[in-house]
């Protein structure tokens, strides 16, 4: 996906404008790039258009150190575009994705090496909404269920949902396969209107994940495991430029912690302690906080995070 940010007086800004600056985006790609910056090997699985934007996306991934061997060229299609504006202090997106390359992935096109090499599969966001890609994602998760950890961030965009019943069914199927689920308060409001974060945590754990994390913006984040452990972290106080990509940066921080040898299996997650959860949340919150000190989805390097956490 390509994000377009309004430019005001020569600088990218989250206000309104007639000129725009493009930047590679999309929740899952943001996570892959952030993981690479956190010194974790990452690869991106997607169909990419053979247009100007698609070629830019491929080059951007290569420059950022994201493995592109699972990218599939899709001649004759176009890339998804998103225009970003600031509304009530939060980014609002207008998407143009009908028939775009990333919606056309099928399971039989995915390289078999993916199933041999993947340790953690992260999925979610608008990739579950259109075309053949949702079914391809589901089949991939099913094949990897007993071979890798599955991480899921629904990152729900209500304005893009054409059939709520079908979408909720897809979410339920993914929740049942996921080992780790990260949701925002906004996701929970849509999933379980009128229920508290704690009630939502319990409801999500009942669907199958071993660990559920809920980000709460300025209130930090909470988490609970199926084994009964709980964790909480307060948000760090930083000068905020914008919150674009904050949740994706948090996910990358969380996945970085999950890549440690002692947390790489479902059984280990089920036995996780509250102390370990607190440490994971603190690291992820640090990654997210630093992302918010810059414009757009711009995750920090690992050394930046470590230096920041030492000072806090």
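Points worth noting:
- Cβ-derived FRET efficiency at R0 22 Å, residue 20 paired with residue 55, nearest 0.05: 0.75
- On full extension, the segment bounded by residue 115 and residue 39 gains 25.2 nm, given 0.36 nm per residue less the C-alpha separation.
- Grouping the Cα pair distances of segment 80-148 into 5 Å bins from zero gives a pair-distance distribution of 3, 15, 20, 19, 15, 11, 9, 5, 2, 0 percent in increasing distance order.
- Report summary: the helix-based calculation at 222 nm, which adds -39500 (n - 2.57) for every DSSP H run with n ≥ 4 and divides by the residues of the chain, gives -11000 deg cm²/dmol.
- Computed log₁₀ I(q)/I(0) - Debye formula, equal Cα scatterers, no solvent, segment 103-142, q 0.14, 0.19, 0.26, 0.32 Å⁻¹: -0.29, -0.53, -0.93, -1.18
- Most fluctuating residue given options 290, 160, 255, as computed from a GNM of the chain linking Cα atoms under 10 Å: 160
- Residue exposure sequence - 115, 167 - by fewest surrounding Cβ within 10 Å: 115, 167
- Scaled radius of gyration (Cα, divided by 2.2 N^0.38 Å) that the chain gives: 0.94
- With R₀ set to 22 Å, the beta-carbon distance separating residue 62 from residue 166 gives a calculated FRET efficiency near 0.05.
- If you sort the three axes of the alpha carbon gyration tensor as a ≥ b ≥ c, you get a/c of 1.5 or more for segment 172-312 and a/b no higher than b/c, which makes it oblate.
- Rounded, prolate or oblate (a/c below 1.5 giving rounded, otherwise prolate when a/b exceeds b/c) for segment 28-105 by Cα gyration tensor: oblate
- Computed over the chain with a Gaussian network model linking Cα atoms closer than 10 Å, the most mobile of 186, 113, 141 is 113.
- Inter-label distance, residue 147 to residue 216: 3.9 nm, where each label sits 7 Å from its Cα along the C-beta direction.
- Put a dot 7 Å past the Cα of residue 98, heading toward its Cβ, do the same for residue 132, and the two dots end up 2.1 nm apart.
- Taking 75, 261, 41 in turn, the Gaussian network model of the chain (Cα-Cα springs below 10 Å) assigns the largest fluctuation to 261.
- DSSP beta bridges confined to the chain are antiparallel in about 55 percent of cases.
Taken together, the values in this text are just the output of simple stated rules run on the coordinates, not laboratory data. As the structure is a computational prediction, the values presented were derived from the model and not from experiment. Heads up, the Cβs are rebuilt from the backbone with ideal geometry, glycines too, and the neighbour counts pull from every protein chain shown.
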